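What follows is a short report on a single structure.
The values are calculated or read from the model by the stated rules, or taken from the named source; none is laboratory data. In this text the structure is predicted, and so the values were computed from the model without any measurement. Cβ placement follows ideal geometry from the backbone for every residue including glycine, while neighbour counts extend to all protein chains displayed. Just the protein is used for accessible areas: all its heavy atoms, side chains included, with ligands, DNA and RNA removed. Shrake-Rupley method; radii C 1.70, N 1.55, O 1.52, S 1.80 Å.
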Amino acid sequence: MAAVITKQRAAELVLGLFAVLASRPEGMRSVEAIAETQRLLPPTDQELARDGKNTWNRYESTIGWQTSGPVKFGWLIKNNGHWTLTDEGRRILRRYQSDLD
């Protein structure tokens, strides 16, 4: 059975992504944002594994899936592979930033 990324780790990755995007008000391509997040929060060996025929590893997939909620809440805008943090997303980041430290 494949190992699962915990909810806590998934939340940490989304906050890391938010921190990356907060430094780029104009937003950035999703692949660049994920790469920057990996530098901030390096993936584990488990997170680098791929499930089946997926082109993304578990780390990338987790960020991709776990950002659907923030999009619905208006914290993040995804537009044709370009991701931008909204003002509300910045507020959420400030509220939980200490969880990254």
- Query: Going from most exposed to least, what order do LYS78, LYS53, LYS72 have by accessible area with a 1.4 Å probe?
  - Reply: LYS53, LYS72, LYS78
- Quick one: grab the alpha carbon gyration tensor of region 45-101, order the square roots of its eigenvalues as a ≥ b ≥ c, and give me rounded if a/c is under 1.5, else prolate or oblate depending on whether a/b is larger than b/c. oblate
- Message: Can you match Cα extents along the principal axes in Å to one of these, (1) 46, 23, 23; (2) 39, 30, 24; (3) 34, 27, 23, based on a calculation from the structure here?
- Response: (2)
- Query: Counting each DSSP H run of 4 or more residues in the chain as -39500 (n - 2.57), what helix-only mean residue ellipticity at 222 nm follows after dividing by all residues, to the nearest 500 deg cm²/dmol?
  - Reply: -16000 deg cm²/dmol
- Linear extension gain, PHE73 paired with LEU40, 0.36 nm per residue minus alpha-carbon span: 9.4 nm
- Message: Over the chain, what is the relative contact order in percent, taking alpha-carbon pairs closer than 8 angstrom and at least six residues apart?
- Response: 34 percent
- Item | Pair ALA11, SER23: separation of 7 Å Cα→Cβ label points (nm) | 2.4 nm
- Note on the structure: GluC sites (Glu not before Pro) in region 20-62 lying in a DSSP loop, each with at most 16 other Cβ atoms within 10 Å of its Cβ, come to GLU26
- Query: Calculated FRET efficiency, ASP87 and ARG50, Cβ-Cβ r, R0 35 Å, to nearest 0.05?
  - Reply: 0.50
- Farthest toward positive dipole pole in the chain [+1 Lys/Arg, -1 Asp/Glu at C-beta], among ASN57, PHE73, PRO25: PHE73
- Message: Can you tally the net charge around GLN38? Count Lys and Arg as +1, Asp and Glu as -1, for every other residue whose Cβ sits under 11 Å from the Cβ of GLN38.
- Response: -3
